[in-house]
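The values are calculated or read from the model by the stated rules, or taken from the named source; none is laboratory data. Keep in mind it's a predicted model, so treat the numbers as computed, not measured. All Cβ positions, even for glycine, are placed from backbone atoms using ideal geometry, and neighbour counts span all protein chains on display. We work out accessible area using only protein heavy atoms, side chains counted, and drop any ligands, DNA or RNA first. Shrake-Rupley method; radii C 1.70, N 1.55, O 1.52, S 1.80 Å.
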Amino acid sequence: MVEENKDPLVVPRTNGITRALPQRLLHLLMLFLFLCFTFSVASIYMIKYFGFHSIVPTIRPSLLPCIEEESKNLESWINPPSNLLHTMSDKELLWRASMVPRVKKYPFKRVPKIAFMFLTKGPLPLAPIWERFFKGHQGFYSIYIHSLPSFEADFPASSVFYKRQIPSQVTEWGKMSMCDAERRLLANALLDISNEWFVLLSESCIPLYNFNVIYKYISQSKHSFVGAFDDPGPYGRGRYDENMLPEVNISQWRKGSQWFEMSRKLALFIVEDTKFYPKFAEFCRPACYVDEHYFPTMLTIQASNLLANRSITWVDWSRGGAHPATFGKSDITEEFMKRMLAGPNCTYNDRNTSMCYLFARKFAPSALEPLFLLAPKYLGF
């Protein structure tokens, strides 16, 4: 009797569960299908009105830098900066430029270049002369321009001077800001590992020979052309301040022309200097003109055997005054060109030579036309 009473109770409860489960599954399935349909409609709506590709660009930029960093090869380290207008401070720039490879042998074919560094106030009125000088010699030179920060150059894209300005600051004649500008030029030029020689020029300079002659003269020289002589008079040792001790004593005090040519090794001495700079900045102020003493003195102390102790930039002091003569249109004659190129004898690689100057200054903008006409005959380009 008990068995018979149990069976009717158990069987109906099992059948109830069986009927309830399909109903719940059916409800879940319908809810899932509804959500899928809603999502599909929403996706179609977003694609139609916003576009599928609009999402992609927001993802790609965040990935590209990592990909580019990973793909760097040797060329990315040895190629010169594509844009000279960086945001480095002078302190950062000098630190970056002072880096030197410990391995002396280059693992690539390096063509040594001359860095032509123009220290100017603004325009380059003699640019057509230089354009002709550089033509056909790409890969053997680099150009850097330090001008007033407010100056905006308008060189055409075809010009060798196009986008060759570096971040600049205001400079004052005879003050440390002038040496700062020269260090800035050297440091920017050192960022190109192929620059081996560095020439400082102004907007009033011209080359006296064609490119091949100048390149050979500089590249084959055993010395750098930095003027550094001991002047016992009031405009030499007379400018020395005993506060320069102990870094510089009076017997080491030198004077020289601001316009120089130097090797990469000497350029590195200048940009990495923290020993002599503070002394000259504090104790060589007008009437001590620091641009005439800082580099000649420091390089004499550190590497006198590498200096030719003469400049390769011709100037004319015959008219007297604090500055050399400036030549205009009426001064440029065939007789003038012959006189300028004649010059005195000097020493080159321990031998006497009559070829002592590679550049000349100062020329006014009005001198461009006659110089341009006489250059093929007298300058060789």
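Let me know the shape class of region 68-192, please: from the alpha-carbon gyration tensor, a ≥ b ≥ c as square roots of the eigenvalues, rounded when a/c is under 1.5, otherwise prolate if a/b is greater than b/c, or oblate.
oblate
Which shape class applies to region 208-248: rounded if a/c is under 1.5, otherwise prolate when a/b exceeds b/c and oblate if not, where a ≥ b ≥ c are the square roots of the Cα gyration tensor eigenvalues?
prolate
With every protein chain present, what accessible area does LEU74 have (1.4 Å probe, heavy atoms only), rounded to the nearest 10 Å²?
Estimated to the nearest 10 Å², LEU74 gives 80 Å².
Which of LYS175/LYS338; LYS255/LYS275; LYS135/LYS362 have a Cα-Cα distance over 26 Å?
Beyond 26 Å between Cα atoms: LYS175/LYS338.
Return the FRET efficiency for the residue pair GLN138, LYS265: r is the Cβ-Cβ distance, R0 is 30 Å, and the value is rounded to the nearest 0.05.
Efficiency computed from Cβ-Cβ geometry: 0.70.
At 37 °C and a viscosity of 0.692 mPa s, what translational diffusion coefficient does Stokes-Einstein give for region 264-381, taking Rh as the Kirkwood radius over Cα pairs? Give it in µm²/s as a whole number.
Reported coefficient: 191 µm²/s.
Under the rule of at least 5 residues apart or a separate chain, name every residue whose amide H is placed under 5 Å from the amide H of ASN195.
Result for ASN195 returns LYS113.
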